[in-house]
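Single-structure report; data block below.
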Amino acid sequence: MKCDRCDNDATVHEVTVRNGVKVEKHLCEACAAGEGIAGASLGELLTKFMTQEAEVGAKPKQVHKPRVAACPGCGFTFDQFRQAGLLGCPACYKAFETLLTPLIERAHEGATQHAGKVPKRIAARAAGREEEAATEAALARAQIRERQERLKVLQRQLDEAVRGEQYELAARLRDQIRKVDITIIPKPKGVQERSEP
Amino acid sequence: MVNRPDNPAPPPGGQPDPAAGFAVTEWLSDSGGSSDVVISSRVRLARNLAGHPFVHKATRDEREAVLQTCRDWILSTKISDRIMWVDLHESPAIERNLLVERHLISKQHAKGKPAPTAGTPVAAAEEPRGVAISIPDERLSIMVNEEDHLRVQMIRAGLALDTCLEAASAIDDKIEAGLDYAFSPKFGYLTACPTNVGTGMRMSVMLHLPALKITGDIDKVKRAATDMNLAVRGFFGEGSDAVGDLYQISNQTTLGKPEGAVLTDLQDAIIPEVVQYERVARRNLMSKRRVALEDQVYRALGCLRHARMIGADEAMQLLSLVRLGVVLGLIDEVNAKAASLLWLLVQPAHLQRVVGRELDQEHRRIERATLIRDRLRGT
């Protein structure tokens, strides 16, 4: 394939989709460099990809080396762990979780989640929480049922009011239904309000 | 010094054997399932206390605190009928080595690890650490302040990983009732080294594979084991050679697979297959190369019966062939138990204990040969 700009062979291919329209560019290395499309090597791309996440929030153009704070439990740093091959304290697992997870994954045939025995105390604590959660869920279900019942009653009253041409009452009932109807839609958990930038 | 709360018995070994000064440690008793090939089964659980630095990062005072907490709890709870506690930092090297040879503590635990404190460096051997051992069976040992705060180990003769796991887990429950373990729902039991995190469990089986060694098929076993993410090690674990054709096969990964699944894989599938492989190799040697095999076995016996100086590794190797000969019925004047026991007695610390004094290397070689001659004399 020839370069879009000159007679050289195209070695850099870029495909972008803008507003649903696919734009393809096939360029030789020189023209690509001219357009600001670097003929990046796979290695470079990977490095870029790996550090991209860490670079969010960093000042642009700054040479970046991912830094993780020392463990709040024992003051051990990730570099010290690398040297010793051993962590400093149990809290290190939390402190270095992001950096540690890929290492753990490699050492344990891809596993990153414990399966098996759990200390009785922790199991009991978790069971306590589960019970709590179950109670909460039951309560929520009861509330929803209650509201649905209330809605049915209101709807019936509204229908009757409309039939009896009691428009003032009907308007009041409609407002009440709206109120109840909205409150039965549970707000999704974990979703935080966020304003657009 | 050695502190024996409810037992004034002799050094590790429980009931004394009048001939040697030692009982056969239970795991070397040539009993249990598949004992023609499987010497012993072992389960080890690594545990750490919440809120304490891991051992290598802990100062001497912090280690002392952990040691005291664990020792007090282990000795006050009914963990086993009779427990012997050894403060290793106050024990002589020979006593520590004796425990290593009996597989009750690791080599690393015998040596100790220097604390990271600045100032006057204290000898690693004097760093606070200990071990609790159930007596007289020596099935249970709990190392305190090894790489992890606690390492609970259960060892049994023959193929008995299920019994070991059950017993180790029960001990673990008793310890946990009084000590708060470091645990995360995501990573499981938190250990100093991330390669042990999760169940913290290492399951290993010691196998006697002389026929596979002779036929050269042992390399296939090693490769297959590695492919299945299992570790193959020698008699003394990590970094040791397979002297005496003794190999330990153990699980390498500890995260993502429950204890029971690791057990089933090893005990019901992998180990029986290796055992079968060794048995077939033995049968083939017997049917196709019988005279050559007899020659090897009797040369080994002859050498052991007549040598005047011998090293531990050479003795182990010859004893391996003798044991093979006994198991196959080629030799009937020695029993397998005697050969297995000698595996232990020819080790330097045991030998010196039997002789009753410290020996340099040359004298060890002489005394070792004498001991073997005495024990293998035709009866």
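A short reminder: the numbers here are calculations on the coordinates, not readings from a lab. Since the model is a prediction, treat every value here as computed from it, not as a measurement. Don't worry about glycine lacking a Cβ; one is built from the backbone with ideal geometry, like all the others, and counts go over all protein chains shown.
A few points about this structure:
- For the range B:319-332, 3J(HN,Hα) per residue [Karplus equation, 6.51 cos²θ - 1.76 cosθ + 1.60, θ = phi - 60°, Hz, x = Gly/Pro]: 5, 4, 5, 5, 4, 4, x, 5, 4, 8, x, 7, 10, 10
- Semi-axes of the equivalent ellipsoid for the range B:30-76, Cα gyration tensor, largest first, Å: 35, 13, 9
- Simple spin-label estimate for A:ARG5 and B:ASP219 in nanometres, 7 Å along Cα-Cβ: 5.7 nm
- Evaluating 6.51 cos²θ - 1.76 cosθ + 1.60 at θ = phi - 60° for every residue in the range B:257-272, the Karplus couplings come out as 10, x, 3, x, 6, 4, 4, 4, 4, 6, 6, 9, 10, 5, 4, x Hz, glycine and proline recorded as x.
- Helix content alone sets the calculated 222 nm mean residue ellipticity of chain B: runs of n ≥ 4 DSSP H residues at -39500 (n - 2.57) each, divided across all residues, give -12500 deg cm²/dmol.
- Base-10 log of normalised Debye intensity for the range B:2-203 (one unit scatterer per alpha-carbon) at q = 0.11, 0.13 Å⁻¹: -0.50, -0.70
- Neighbour-limited loop hits for trypsin sites (Lys or Arg not before Pro), the range B:336-379 (at most 11 other Cβ within 10 Å; DSSP other than H, G, I, E, B): B:ARG357, B:ARG377
- Projected onto its three principal axes, the C-alpha set of the range B:183-338 covers 59, 35, 24 Å, listed from the longest axis down.
- Dimensionless Rg over Rh [the range B:240-309; C-alpha; Kirkwood]: 1.17
- Distances between every pair of Cα atoms in chain B, grouped in 20 Å steps from 0 to the bin holding the largest one, split as 28, 57, 15, 0 percent.
- When chain B is treated as a GNM with alpha-carbon contacts under 10 Å, the residue of B:MET203, B:MET154, B:MET228 showing the greatest mean-square fluctuation is B:MET228.
- Once the Kirkwood radius over Cα pairs is known for the range B:289-377, the Stokes-Einstein relation at 4 °C and 1.567 mPa s delivers a diffusion coefficient of 100 µm²/s.
- Convex hull of the range B:93-247 built on C-alpha atoms - directionally averaged projected area, nm²: 11.8 nm²
- Under 5 Å, built H, 5+ apart or other chain: amide partners of B:SER40: B:GLY158, B:MET206
- Dividing the mean sequence gap of close Cα pairs (under 8 Å, 6+ apart) by how many residues chain B holds gives a relative contact order of 19 percent.
- Under the combined filter of DSSP loop state and at most 12 neighbouring Cβ atoms within 10 Å, the range B:196-274 retains none of its chymotrypsin sites (Phe, Trp or Tyr not before Pro).
- When peptides B:86-92, B:282-288, A:140-146 are sorted by average Cβ neighbour count within 10 Å, with the highest value leading, the order is B:86-92, B:282-288, A:140-146.
- Using C-alpha pairs under 8 Å with a sequence gap of at least 6, the mean separation divided by the residue count of the range B:159-313 gives a relative contact order of 23 percent.
- Using θ = phi - 60° and Karplus 6.51 cos²θ - 1.76 cosθ + 1.60, couplings along the range B:52-62 (whole Hz; Gly, Pro as x): 10, x, 5, 3, 5, 9, 7, 6, 4, 5, 5
- Against the compact-protein benchmark of 2.2 N^0.38 Å, the Cα-based radius of gyration of the range B:158-199 scales to 1.35.
- Centre separation in Å (Cα based) which lies between the range B:202-230 and the range B:99-162: 26 Å
- The orientation-averaged projected area of the convex hull spanned by the Cα atoms of the range B:63-135 comes to 5.1 nm².
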